[in-house]
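Here it is, the structure, as structure tokens.
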Amino acid sequence: MRYLHTMLRVRDLDAALRFFCDALGLEQVQRIDSDRGRFTLIFLAAPADSARVDGTKGRGAPLIELTWNWDAEDYGDARYFGHLAFEVDDIYAACDRLMKAGVTINRPPRDGAMAFVRSPDRQSVELLQKGAALAPAEPWLSMPNTGHW
């Protein structure tokens with residue numbers, strides 16, 4: 001397993017970029033604008049890590065993912081933190097191991113690429129398949145979402 005990123009929701013993307021890039025010194029390494037999903041993702045790396053970004057979905061270095069939803073949303077006091085993300089060699093084996101340890105798979109890896117679980121303190125953890133997605137397989141393919149992530 002390898003640590004990938006932490007996602008933070010932001011209300012004002014320009015203000016967030018001024019803080020994280022201009023003031024703190026992080027560097028923007030990837031930007032995704034989704035007209036369909038109505039959001040923008042900005043991935044930032046520390047200067048010493050920016051050379052490690054290899055272009056494969058930004059997975060070459062540990063990153064901060066700023067998520068700006070275009071429509072106004074009230075995150076309250078606790079929803080700015082989004083999730084931690086880890087890359088795993090076999091997402092099905094990782095989810096199976098977690099289930100056997102009593103962890104609920106909130107968003108099963110139906111696509112062979114992504115799953116979400118939550119810590120006992122309700123922090124969301126995203127698991128991403130290393131390399132190409134695995135072929136869809138049961139029991140994951142027909143497993144419904146459980147709770148929130």
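Where a number appears in this text, it was derived from the coordinates with a stated rule and is not lab data. If you're wondering where the values come from, they're calculated on a predicted model, not measured in any experiment. Please note: Cβ atoms are built from the backbone with ideal geometry, for glycine as well, and neighbour counts cover all protein chains shown.
Rounded, prolate or oblate: which fits region 2-69 when a ≥ b ≥ c are the square roots of the eigenvalues of the alpha-carbon gyration tensor, with rounded for a/c under 1.5 and prolate only if a/b beats b/c?
Judged from the Cα gyration tensor, region 2-69 comes out oblate (a/c at least 1.5, b/c at or above a/b).
OK, next. Calculate the radius of gyration of the Cα atoms of the chain to one decimal place, then report Dmax, the largest Cα-Cα distance, as a whole number, both in Å.
According to the Cα coordinates of the chain, Rg and Dmax are 16.1, 48 Å.
Follow-up question, since we're still on this one. What is the distance, in nm, between label points placed 7 Å from the Cα along the Cα-to-Cβ direction at ALA135 and at MET114?
Each label point is offset 7 Å from its Cα along the Cβ direction, giving 2.4 nm.
Might you report the magnitude of the Cβ-based charge dipole of the chain about its Cα centre, with Lys and Arg at +1 and Asp and Glu at -1, to the nearest 20 debye? Provide the component values of the computation, followed by the final result.
Values: 18 positive and 21 negative charges, 66 e Å.
About 320 debye.
So if we plug the beta-carbon distance of ARG122 and ALA51 into 1/(1 + (r/R0)^6) with R0 = 35 Å, what FRET efficiency do we get, rounded to 0.05?
The value I calculate is 0.50.
Of all DSSP beta bridges in the chain, what percent run antiparallel (nearest 5)?
Roughly 70 percent of the DSSP beta bridges within the chain come out antiparallel.
I need the calculated FRET efficiency for the pair ASP14 and ASP96, taking r as the beta carbon distance and R₀ as 35 Å, to the nearest 0.05.
Rounded to the nearest 0.05, the efficiency is 0.20.
If you build the convex hull over the alpha carbons only and average its shadow over all orientations, what do you get for region 89-149? Give it in nm² to one decimal.
With every direction weighted equally, the projected area is 3.8 nm².
Suppose R0 equals 22 Å; then what is the FRET efficiency for HIS148 and PHE81 from their Cβ-Cβ distance, rounded to the nearest 0.05?
Working: r = 13 Å, r/R0 = 0.61.
So, using R0 = 22 Å, E works out to roughly 0.95.
Let me ask something additional. Considering only DSSP beta bridges with both partners in region 2-69, what is the antiparallel share in %, to the nearest 5?
70 percent
Describe numerically, in nm with one decimal, the distance between label points set 7 Å from Cα along Cα→Cβ at GLN28 and at ASP71.
Here the modelled spin labels are 2.5 nm apart.
Now, a different point. Nearest 10 degrees is fine. How inclined is helix 91-100 to the longest principal axis of the chain, computing both from alpha carbons?
On a 0 to 90 degree scale, this one is about 70.
I want the local charge near ARG38. Using Cβ-Cβ distances under 13 Å, sum +1 for each Lys or Arg and -1 for each Asp or Glu among the other residues.
Surrounding charge for ARG38 is -3.
I've got another one for you. Ordered by packing density, taken as the mean number of other Cβ atoms within 10 Å over each peptide's residues, highest first, how do 136-144, 22-30, 105-113 rank? Numbers along the way, then the final one.
Details: 136-144: 12.0, 22-30: 13.8, 105-113: 18.9.
Final packing ranking: 105-113, 22-30, 136-144.
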